Amino acid sequence: MPDENTPKADPVSVIPMGADFTIRATEDKDQPWIRRLLRRYWATEKILSKGKIHDAVTCSGLAAFRDDEPVGLILYNIDGEDCEIVTHNSLADSGGIGSCLLAALRNEARAHGCKRLWLVTTNDNTPAVRFYQRRDFDICAFHKDAISKARELKPEIPDEGLDGIRVRHEIELEYVL
């Protein structure tokens, strides 16, 4: 029977059977495609969370590759016992890439002594809220009108987001490691 010293089971820590991709830490040689991905999905290399601007290209990262082509990326910052997910992208609609990147980051964060993995997303991003909740993240804070204030720092944030929902708030999710 497991005791309190037994590591917590990670429900998404196994790469699915038949997966045709690998995951590794990002390297300097990855910078050009990382910059392209950030501009494509985030419109900029500057990512905002809780009033803080991240220069995403300087963040640590894990990348998924299929036949030497990038198919996913998760960028993060470790600060003490906290690990913040700055960006998380799968370039495939399914196949476990996003889940496997998240599992790899959980393991990386634990190895660095982190106690919490967290992120913020906007109120319109219901697919992200669903994705993370299905992977045992909890909503731990709601930052009312945070995006209205964030536009002062990053004016390219659109007024309208997914499904025509007005982008106004940040939702903070966490996973206790």
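Bear in mind that the values in this text are calculations on the coordinates, not laboratory data. What you are looking at is a predicted structure, and each value in this text was computed from that prediction instead of being measured. No Cβ is skipped: glycine too gets one built from the backbone with ideal geometry, and neighbour counts run over all protein chains shown.
Data table
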{"item": "Likely footprinting exposure, 47, 74, fewest C-beta neighbours within 10 Å first", "result": "47, 74"}
{"item": "Candidate lysines - alpha carbon under 21 Å from residue 144, same-chain residues fewer than 8 apart omitted", "result": "50, 52, 154"}
{"item": "Relative contact order of the chain, defined on C-alpha pairs under 8 angstrom at six or more residues apart (%)", "result": "20 percent"}
{"item": "Normalised convex hull volume, region 22-176, alpha-carbon set, Å³ per residue", "result": "109 Å³"}
